[in-house]
Structures are given as structure tokens and as C-alpha cells.
Amino acid sequence: MPDLIEPHVRVRESFLTAVEESLADGRMISEDSMIARWIRQYADRWHTEAGFAEFVDHLHADATPDAARPSHHVPQSTWWLVDGDDYLGRISSRHVLNDWLLEYGGHIGYEVRPSARRRGHATAMLRAVLPHAHALGIDPALVTCDETNVASRKVIEAAGGELEDVRGVKRRYWVPTGAMPRKAGRMART
């Protein structure tokens, strides 16, 4: 059964394979996507053990308020969904909202590698991260998706998301974090 863990160097090979899948798929690689930013910052060195360790350390540090980050970014915690050493996807919880996140990005963002889609992984990740968002004082959490992304819309609604509105191409949902949703995924620490 998959576990949601903090980023860890042990899944390097599988993570890099997932990045290649995502690049070939092309659907989640927009210029402002999380994975595109990771590629810009670390692809030149994450194929080495030391470079990947640096990347993982960056993800851990990004959760701290005083970490170095672009001025328009906020602290965020990131988890990876893994099955053993097989990387399946990631989910991030942004600790606060800036103007852009309030309009488009939301508190929580996630993605599942192309070969692991349509198996309920995004739903499990979102349900598992809601208690963490609640612990950060977020309730409800803003979660957005593209108007055309029916799969993501179903994930958000399955977690109790209530549609507030549609702004441009983004559907904006508020998801309660205070009560544990049914069939919550499990989180593990490494």
C-alpha cells in the first residue's frame, strides 16, 4: 500500500523516471508548474547522489519560514507518495496564501506521475494531507484546478471541496481540513 512520506533520497531513480514520464506526457509541465521549477533548479545535478540529496534538502528547508526562496513564493511542505521505493506523485501544502495563490494556486497542489494515474492516488494524497493543513491553522484549504481537469475536480470534490467560483480557467474550491475525511490515506515518516 502506498505511503505519503517526506521527500527522501532512496527514491531517486524512480523519481527521475517519473520526471521523464511527465516530460514525455507534457500535460503537467507548464512554465509555472512545480516540476518545471524543480527541473530548472536541479536537473543539471539531481542525477548524482549528491545533487539529489541537495534537492531533497531544499524541499525540506522550503517548509521553514526563513528559507531562501523567490519573493513571490511562500513556505510549503512537500510529501511524496511512494510504494516501497517507487515514486508515484507529490503533494504540497502552502502555509499561507499570497495574492497569486489566493486567485489561482491555492493552499494545496498535487500531481501523479503518468504511469500511476487513475488509481486513486491523488484522492489518497489530498485526504492524507488535510490534517497537516489543519495543524498549520488552515481551515478550510483553498484547492484549485483547471476548468478542463475533470479528474482533479473529482479528487477535490471527493475530499469535501465546495466550489466557490471559476476565475478564468481555474475552479476554486474550499476543502474542510478540521474533520478527517472518510478513507483517509496514511502518512509515514522515513
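List of remarks:
- Taken together, the residues in the stretch 63-73 that are at pLDDT 95 or above and surrounded by 14 or more Cβ atoms within 10 Å (Cβ to Cβ) amount to 1.
- Pairing each residue of the stretch 1-15 that is free of Cβ contacts under 8 Å to residues at least 60 places away in the same chain and more than 11 Å from Gly89 (Cα to Cα) with any residue that is among the aliphatic types (A, V, I, L, M) and assigned to a helix (DSSP H, G or I), provided the two are 6+ apart or on different chains, yields C-beta distances under 9 Å for Val9/Ala53; Val9/Val56; Arg12/Ala53; Arg12/Val56.
- In the stretch 1-22, the residues that are among the small types (Gly, Ala, Ser) and surrounded by 19 or more Cβ atoms within 10 Å (Cβ to Cβ): Ala18, Ser22
- Unmet requirement for Glu49, which otherwise passes all of (1) touching a helix residue (DSSP H, G or I) at 6+ places or on another chain (Cβ under 8 Å); (2) surrounded by 13 or more Cβ atoms within 10 Å (Cβ to Cβ); (3) modelled with pLDDT of 90 or more: (2)
- Test for His60: is it assigned to a loop (DSSP other than H, G, I, E, B) and touching a residue at least 24 places away in the same chain (Cβ under 8 Å): no
- Here Leu130 clears all of (1) within 30 Å of Gly168 (Cβ to Cβ); (2) surrounded by fewer than 22 Cβ atoms within 10 Å (Cβ to Cβ) except the condition numbered (2).
- The set of residues in the stretch 59-112 being within 17 Å of Thr144 (Cβ to Cβ) and of a type in the set (A, V, I, L, M) consists of Val74, Ile91, Val96, Leu97, Leu101, Leu102, Ile108, Val112.
The values are calculated or read from the model by the stated rules, or taken from the named source; none is laboratory data. Just so we're clear, the structure is a prediction, and the values are computed from it rather than from any experiment. Neighbour counts are summed over all protein chains in view; Cβ atoms, including those assigned to glycine, are modelled from backbone coordinates with ideal geometry.
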